[in-house]
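What follows is a set of notes on a single structure, which appears directly below.
The values are calculated or read from the model by the stated rules, or taken from the named source; none is laboratory data. Predicted model, so just to flag it, every value in this text is computed and none were measured. Using ideal geometry, Cβ is built from the backbone for each residue, glycine included, and neighbour counts are taken over all protein chains shown.
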Amino acid sequence: MTDFKPDITNENDCRGEKCFARTGFHFEEGEVFLIDKPLDWTSFDVVNLIRAVIKKYHQIRKLKVGHAGTLDPLATGLLILCTGRMTKQIDNFQAQEKVYTGTMLLGQTTPTFDLESEPNQFYPTDNIKPELLDEARKKFIGDIMQRPPKFSAIKIQGKRAFDYARSDEELELKERLIHIEDFQIDTTNFPKVDFMVKCSKGTYIRSLVNDFGQALSNGACLISLRRTKIGAFDVKDAWNLMELKQKIIETAPEIAE
């Protein structure tokens with residue numbers, strides 16, 4: 001898979017902290033911001049904040065603002081945010097390979113596959129040997145079928161999957177084909193297992209962790225997650241959200257009395 005390089009060749013390109021020195025933005029023509037999403041923020045929270053600040057301080061009444069790939073509230077890391085005409089590139093950004101780092105906890109499961117819900121089952125882990133972990137890891141490299149979590153934002157007949165799950169409605173999400181380019185684990189802090197995953201669009205890391213636990217005839221849940229790359233973009237070049245907010249305010253034009 002080749003890295004996608006967007007058609008952003010003009011001086012308005014602003015994708016990270018290196019743009020601090022620039023004196024103005026061109027939101028309607030289109031900006032692409034790399035943002036390091038904070039913990040406990042939804043992706044839509046980030047979009048709503050940036051849209052509101054732009055509209056208030058730059059006096060833009062209507063402006064398209066969108067993100068290229070949801071991150072769960074308990075995940076941090078790279079979120080691509082587009083404004084104006086650059087929102088047309090969102091599908092291209094979303095299609096790119098992603099890289100995640102994180103930590104799973106073996107020996108328990110939760111309904112949401114992460115720490116948004118309380119554990120519902122516990123398992124002994126003293127029988128899990130290093131060779132079993134490596135054998136299980138290898139099963140998840142390449143093209144695999146994956147079932148999205150019931151507590152996800154996938155729309156089914158106009159309703160989010162998590163709405164069905166919260167109301168205890170029966171819902172069977174279909175498996176879909178994804179690609180895992182690389183999956184590495186570090187068991188230094190066992191039963192906590194650190195990992196790195198390089199994967200295709202549509203991969204749910206929570207489901208990967210849950211399935212990894214099942215492959216061990218055990219259980220696992222996600223306890224931390226960070227997205228570090230989307231295609232050629234790296235979180236190292238991303239804005240701190242509050243610093244971006246302040247920069248947008250500082251570059252607002254003076255409004256005549």
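Some points to look at:
- Condition check for Ile90: without any contact (Cβ under 8 Å) to a residue 60 or more places away in the chain, surrounded by 18 or more Cβ atoms within 10 Å (Cβ to Cβ) and either under 23 Å from Leu216 (Cβ atoms) or assigned by TED's automatic domain parsing to the domain that holds Asp45 (or both): yes
- If you go through the range 172-189 and keep only what is exposed (fewer than 14 other Cβ atoms within 10 Å of the Cβ) and either touching a Phe, Trp or Tyr at 6+ places or on another chain (Cβ under 9 Å) or within 16 Å of Pro130 (Cβ to Cβ) (or both), you end up with Gln184, Asp186, Thr188, Asn189.
- On inspection, Val46 does not qualify as closer than 30 Å to Lys247 by Cα and in contact with a Ser or Thr (Cβ under 6 Å, 6 or more places away or on another chain).
- Pairs with Cβ under 7 Å, 6+ apart, first in the range 198-223 and in a helix (DSSP H, G or I), second of a type in the set (Ser, Thr, Tyr): Ile205/Tyr100; Asn210/Thr109; Gly213/Thr109
- Filtered residues of the range 217-249 (kept if surrounded by fewer than 20 Cβ atoms within 10 Å (Cβ to Cβ) and under 30 Å from Pro124 (Cβ atoms)): Ser217, Ile223, Ser224, Arg226
- The strands (runs of 3 or more DSSP E) located wholly in the range 21-94 that include 1 or more residues which are aromatic (Phe, Trp, Tyr) occupy 32-37.
- Subset of the range 102-132 [surrounded by fewer than 18 Cβ atoms within 10 Å (Cβ to Cβ) and either part of a helix (DSSP H, G or I) or of a type in the set (Ser, Thr, Tyr) (or both)]: Thr103, Ser117, Tyr123, Thr125, Pro130, Glu131, Leu132
- Among the residues of this structure, Phe25 counts as one that is in contact with a Cys (Cβ under 7 Å, 6 or more places away or on another chain) and either surrounded by 15 or more Cβ atoms within 10 Å (Cβ to Cβ) or closer than 30 Å to Glu116 by Cα (or both).
- Taking each residue of the range 43-72 that is of a type in the set (Asp, Glu) and looking for partners that are outside any helix (DSSP H, G or I) and surrounded by 17 or more Cβ atoms within 10 Å (Cβ to Cβ) with beta-carbon atoms closer than 8 Å, six or more apart or interchain, yields Asp72/Asp114; Asp72/Leu225.
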